[in-house]
1. Please report, for residue B:32, the nm distances (one decimal) from its label point, 7 Å out from Cα along the beta-carbon direction, to the equivalent points in the remaining copies, shortest first.
2. Over the alpha-carbon set of region A:243-290, divide Rg by the Kirkwood Rh and report the Rg/Rh ratio to two decimals.
3. Separation between the residue A:277 and residue B:165 pseudo-spin-labels, each 7 Å from Cα along Cα→Cβ, expressed in nm?
4. Quickly work out the residue B:128-to-residue A:259 label distance, labels modelled 7 Å from Cα along the C-beta direction, and quote it in nm with one decimal.
5. Determine the shielding of peptide A:136-142 by partner chains: average, over its residues, the number of Cβ atoms on other chains within 10 angstrom of each Cβ.
6. Report the FRET efficiency, 1/(1 + (r/R0)^6), for residue A:249 and residue A:297, where r is their Cβ-Cβ distance and R0 is 22 Å, rounded to 0.05.
7. For a quick check, take a GNM of chain A with Cα springs below 10 Å and name the residue from A:241, A:188, A:91 with the largest mean-square fluctuation.
8. Could you compute how fast region A:21-156 diffuses translationally, taking Rh as the Kirkwood radius over C-alpha pairs and applying Stokes-Einstein at 10 °C with viscosity 1.306 mPa s? Give it in µm² per second.
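Since every read-out is calculated from the coordinates, none of them should be taken as a lab result. Quick caveat, the model's predicted, so the values are computed rather than measured. All Cβ positions, even for glycine, are placed from backbone atoms using ideal geometry, and neighbour counts span all protein chains on display.
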């Protein structure tokens, strides 16, 4: 029921993803009257789906506390997460209210052992391909240990998505000079060097302009600056697209030029298409929850489902646990290491 | 002597700015042997300039502490700032080492009364025109009071640059929901509402994607997230320019299209041209210091000189003081107001 359009985007989106991954099965939580007409048009999806009816839906404008009060145990969002908890579903995908989704996911699913707080990871297009950027807004602040666990979570996701043995990890900072950067970020760098984890390669600090260059497979930031970076990049991309559009429509010559170069502009648009990379992954929980943009179309929602599929298929949670443990020693011993180096 | 190219960019840059503002006079600090040949080619500038020779120059790779040790009282950078302090110059403009410039400016010029820490402000191109964004990296962290003084400094600069009576000011945050954002940012919002300053209009929170939309004339952030936002936007702009370039060169048709639309692309390039908006302004000090990008060309350095010219001509420091005082009551009374509302 989530997102700006509800079932009319979510159901066709599921159908697109099913074509790419025919072994998927769907539980569709929400109002049967809204879902069924959509499903009737998509026989392949219908054959692979079961509707779980509920009248209650979290609204986009609900505050997380309201959503929990109104929708706990009854709303489509809660039931979808609960299906993950009970092992009936491998992943939950929602285009609904982000704050409510995070609150319900935290409330119903536990945190993984050794992880203090959840994170949201985004897939960021770069000049080298794609990078995982996290946390883009789940938890604000956090100490060096929190940043190090973000490195663990993000590198596990990069291993799943990019099929890498040992992804490179950079810490978002505002310069490489010793005097710069906040204390937590500097301490996290020392901690990651000291831990020398086998499943990630820590490469040091990355500045804001390094993200788009693809300076590392995984970029780690606490949730405030990570969210600022993500939103600022999205805003800049839209701004330049707007400049480009008005520049191309300005004169007769430029319009003719546009017609000739149409395929090039199409390629550019696809490269910059947010729906291609839709799907924020909630990390740190004992189940897989994917947040799709609320304003996405069916193609975008399908990407979010694809992300969930990959996370299950290539076993994100196991990869996180692998990184948390080294030679049988838990990552939670890290505070000792931190004490030793500070 | 500053920047990647030194006198060969700085001197021609001064000449370009002089053409736009013929009442400017220049003190050129540095190695006479490097400056004089440049100046000989530019008779108008030569007539308006005086060289102040020194052998010592701060190097781009010097740490701030090194620069102070090596270059205090002797380097071209120090002498330029000192000329501002002694009233011989109205503004200092440098393309040199940013950290060293800030350290020397803080060391030699005092902070304005009522301002705790310096800030660097950038002019940011938006879909509506331009906005002032600060702090983009001078001071990390800071409480609500610091953010409120940034609003004062930035709005004074916006009054100078954009000729506005009462610029709008937004606080960079990661959402408008009550539960979101860090405490300092929320407190700063309450403080700015309570102060209700006559020379700025506080409009609330702005997210990262609001900057490029031109959501406010002035965007306030502490230096860490402000720098992340600035660098991420620069990186995204370069990334898209790279995509565009390769898209236009991909096929014969797109190359022909490019030729037809050449003037449109030129307009776009100018719109995105960083040299057009070059010049970070150091705010909060008792003198005006402008930082030009180190890698800029003569046109870019001229923009930085232009910014310095405007700041002096339209009296930035007076405008800051005006905003700090209301009806004779100093802004430094604000902590009382803060206590009253929290």
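1. Nearest to farthest, the other copies are at 9.5 nm.
2. Working: Rg = 18.3 Å, Rh = 13.5 Å.
A ratio of 1.35.
3. Using points 7 Å along Cα→Cβ, the separation is 4.4 nm.
4. With each label point 7 Å from Cα toward Cβ, the separation is 3.8 nm.
5. Values: counts 1, 3, 0, 0, 6, 2, 0.
Mean partner shielding for this stretch: 2.
6. Details: r = 24 Å, r/R0 = 1.10.
E between residue A:249 and residue A:297, to the nearest 0.05, is 0.35.
7. A:241
8. Numbers: Rh = 16.9 Å.
Estimated diffusion coefficient is 94 µm²/s.
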